[in-house]
Amino acid sequence: MQPSDPTLHLTVIFAAFVAATLLTKFWLDSRQARHVAQHRAAVPPAFSHEVTLASHQRAADYTLDKLRFGLVSKALSTAVLLGWTLLGGLDVLNHAVRDLVLPHWGGLAYQLVLLGAFTAIGGLVELPMDAWNTFRIEQRHGFNRMSWGMWLGDLVKQSLVGLLIGTPIAALILWLMGAAGQMWWLWAWGAWVAFSLLLMVIFPIFIAPLFNKFEPLKDDTLADRVKSLMARCGFTAKGFFVMDGSRRSAHANAYFTGLGSSKRVVFFDTLLTKLSHGEVEAVLAHELGHFKHKHVLKRMIMMFVMSLAGFALLGWLSRQAGFYIGLGVSPNMTGPNDALALLLFMLALPPFMFFVSPLMSYFSRRDEYQADAYACKQSSGKDLAMALIKLYKDNSSTLTPDPMYVRFYYSHPPASERLAAMALH
């Protein structure tokens, strides 16, 4: 197979999108850093009664540290992406694995080993950055509570869980790619959807307890209040649990997890120590608002529709020699190319999808406003506002983000806009 003009076009387009994405990210980060630094000296008037100048400046310093780290991380990720693709890294790995495995173990084994080797190498490359973020950035600002032993233990458990869960679905999709004809992508999409739904059911029961302890909520007064709220809103859950999040981080949160009968409410223990009962109820009411407005269902459907389009596109690209050659890989002449197609697609897609992120962020922020409005009706808007202020303060979230940065990255509205909207209810 010889390169053609379309191949060159793909190479140029891919390189252009990679460069545009990196430059846009750098531009957004610089705007955010400049905006946060310019407003570091004074607490915004809307928060002056609840947030001290010291807390505000601590949040600014945390944000600036994260942004500086992000610049290095983004540059490294881009270098790794180009290394895998246009500079030939994936091609070298493919030749090595193919020659070692294919003659002895066959096509499926070769492809699974290729996926595994790629994942392992990628994980090793990311390890130093993850360690720096945990033990330098998070620890410097008082959030990390993990020891090196716990961090390494989590890494081992994550790798084993990923291997046990990822191998079967990867093997199934690769088998379908080779055995289900040109419409393989439709069958593979169906398998992926079924797998995703199954994972939502089993995650809170079997996977999450591997990393954290979950105990029933022992505060009877709070439990009764939460049950009353859920009854008013017409919701049920399998249970209310407290997670020992404080073992790893000082950040606080609460969330719903599971699907169907396995659905449960989880509170971080750090959240319960920082918020009053009324504030916890208001935070939960916000989460119930997402379910009431079917945000979770809509996002799930959107994810499945987008994944269907992705599988269909992959189905077409996997048959085009220019797709491989244009991204720096020589397709196999005597072996299957399905794993190569999967890896190249996962590598190439993010730079093209980055410029869709403002639209996705907009829809997410709109949903947050609706959930806030619902919470104000079902609980106390004042409690919700106070809970949000406490969480912003305790998590050192900046109160003065750059508007353009918000449009690209923020899935939740900035604190000032959120509180202003709540004041109308």
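The values are calculated or read from the model by the stated rules, or taken from the named source; none is laboratory data. Everything numeric here is computed off the predicted structure, so don't read it as measured data. No Cβ is skipped: glycine too gets one built from the backbone with ideal geometry, and neighbour counts run over all protein chains shown.
Of the residues that make up the range 92-103, is at least one outside any helix (DSSP H, G or I), modelled with pLDDT under 95 and not β-branched (Val, Ile, Thr)?
First, pick out the residues of the range 92-103 that are outside any helix (DSSP H, G or I): none.
The answer is no; no qualifying residue exists.
Out of the range 181-234, which residues are under 23 Å from LEU313 (Cα atoms) and not in a helix (DSSP H, G or I)? Explain how you work it out, then say what you get.
Keep residues of the range 181-234 that are under 23 Å from LEU313 (Cα atoms), which gives 181-197.
The answer is none; no residue qualifies.
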Task: Verdict on SER380 being farther than 28 Å from ARG248 by Cβ and touching a residue at least 60 places away in the same chain (Cβ under 8 Å) - done: yes
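Can you tell me which residues in the range 317-332 are closer than 11 Å to ASN94 by Cβ and assigned to a helix (DSSP H, G or I)? Give the derivation first.
Applying the first criterion (closer than 11 Å to ASN94 by Cβ) to the range 317-332 yields 324, 328-332.
Answer for the range 317-332, where residues must be closer than 11 Å to ASN94 by Cβ and assigned to a helix (DSSP H, G or I): just TYR324.
Residue under question is LEU314, and the condition is that it be assigned to a helix (DSSP H, G or I), farther than 30 Å from PRO45 by Cα and touching a helix residue (DSSP H, G or I) at 6+ places or on another chain (Cβ under 6 Å); does it hold?
Numbers: assigned to a helix (DSSP H, G or I): yes; farther than 30 Å from PRO45 by Cα: yes; touching a helix residue (DSSP H, G or I) at 6+ places or on another chain (Cβ under 6 Å): yes.
Considered against the rule, which asks whether it is assigned to a helix (DSSP H, G or I), farther than 30 Å from PRO45 by Cα and touching a helix residue (DSSP H, G or I) at 6+ places or on another chain (Cβ under 6 Å), LEU314 comes out as yes.
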TODO: Of the conditions (1) in contact with a Lys or Arg (Cβ under 7 Å, 6 or more places away or on another chain); (2) over 30 Å from PRO331 (Cβ atoms); (3) assigned to a helix (DSSP H, G or I); (4) of a type in the set (A, V, I, L, M, F, W, C), VAL51 clears all except one; give me its number.
DONE: (3)
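Only one residue in PHE256, PHE203, PHE214 is out of contact with any helix residue (DSSP H, G or I) (no Cβ under 8 Å at 6 or more places or on another chain) and surrounded by 15 or more Cβ atoms within 10 Å (Cβ to Cβ). Which one? Steps first, please.
Values: PHE256 fails: out of contact with any helix residue (DSSP H, G or I) (no Cβ under 8 Å at 6 or more places or on another chain); PHE214 fails: out of contact with any helix residue (DSSP H, G or I) (no Cβ under 8 Å at 6 or more places or on another chain).
On inspection, the qualifying residue turns out to be PHE203.
Yes/no matrix, rows are residues, columns are (1) in a helix (DSSP H, G or I); (2) surrounded by fewer than 20 Cβ atoms within 10 Å (Cβ to Cβ); (3) among the aromatic types (Phe, Trp, Tyr):
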{"site": "THR334", "(1), (2), (3)": "no, yes, no"}
{"site": "LEU342", "(1), (2), (3)": "yes, no, no"}
{"site": "LEU347", "(1), (2), (3)": "yes, no, no"}
{"site": "PHE352", "(1), (2), (3)": "yes, yes, yes"}
{"site": "PRO358", "(1), (2), (3)": "yes, yes, no"}
{"site": "TYR362", "(1), (2), (3)": "yes, yes, yes"}
{"site": "ALA375", "(1), (2), (3)": "yes, no, no"}
{"site": "ALA385", "(1), (2), (3)": "yes, no, no"}
{"site": "LYS393", "(1), (2), (3)": "yes, no, no"}
Open item on the list: Only one of LYS74, LYS66 is surrounded by 19 or more Cβ atoms within 10 Å (Cβ to Cβ) and farther than 23 Å from THR334 by Cα. Can you tell me which?
Closed with: LYS66
TODO: Could you grab the pairs with beta carbons closer than 9 Å, sequence gap of 6+ or different chains, first residue in the range 22-42 and over 15 Å from HIS56 (Cα atoms), second one of a type in the set (Gly, Ala, Ser)?
DONE: LEU22/ALA75; LEU22/SER77; LYS25/GLY70; PHE26/ALA75; ASP29/GLY70
Open item on the list: For the range 259-269: of the residues being modelled with pLDDT of 85 or more and in contact with a helix residue (DSSP H, G or I) (Cβ under 6 Å, 6 or more places away or on another chain), which is nearest to VAL193 (Cα to Cα)?
Closed with: PHE268
TODO: Pull up the range 235-253, narrow it to residues that are part of a strand (DSSP E or B) and touching a helix residue (DSSP H, G or I) at 6+ places or on another chain (Cβ under 8 Å), then point me to the one that is farthest from HIS293 (Cα to Cα).
DONE: SER249
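Let's see how each residue does on (1) surrounded by 12 or more Cβ atoms within 10 Å (Cβ to Cβ); (2) at pLDDT below 95; (3) more than 19 Å from SER73 (Cβ to Cβ):
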{"site": "GLY106", "(1), (2), (3)": "yes, yes, yes"}
{"site": "GLY116", "(1), (2), (3)": "yes, no, yes"}
{"site": "ILE121", "(1), (2), (3)": "yes, no, no"}
{"site": "GLN139", "(1), (2), (3)": "yes, yes, no"}
{"site": "ARG145", "(1), (2), (3)": "yes, yes, yes"}
{"site": "ALA171", "(1), (2), (3)": "yes, no, yes"}
{"site": "TRP175", "(1), (2), (3)": "yes, no, yes"}
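Residues checked against (1) more than 15 Å from MET243 (Cβ to Cβ); (2) touching a residue at least 40 places away in the same chain (Cβ under 8 Å); (3) over 18 Å from the mean Cα position of the chain (by Cα):
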residue: VAL266; (1), (2), (3): no, yes, yes
residue: ASP269; (1), (2), (3): no, no, yes
residue: GLY278; (1), (2), (3): yes, yes, yes
residue: LEU284; (1), (2), (3): no, yes, yes
residue: GLY289; (1), (2), (3): yes, yes, yes
residue: HIS295; (1), (2), (3): yes, yes, no
residue: PHE304; (1), (2), (3): yes, yes, no
residue: SER307; (1), (2), (3): yes, yes, no
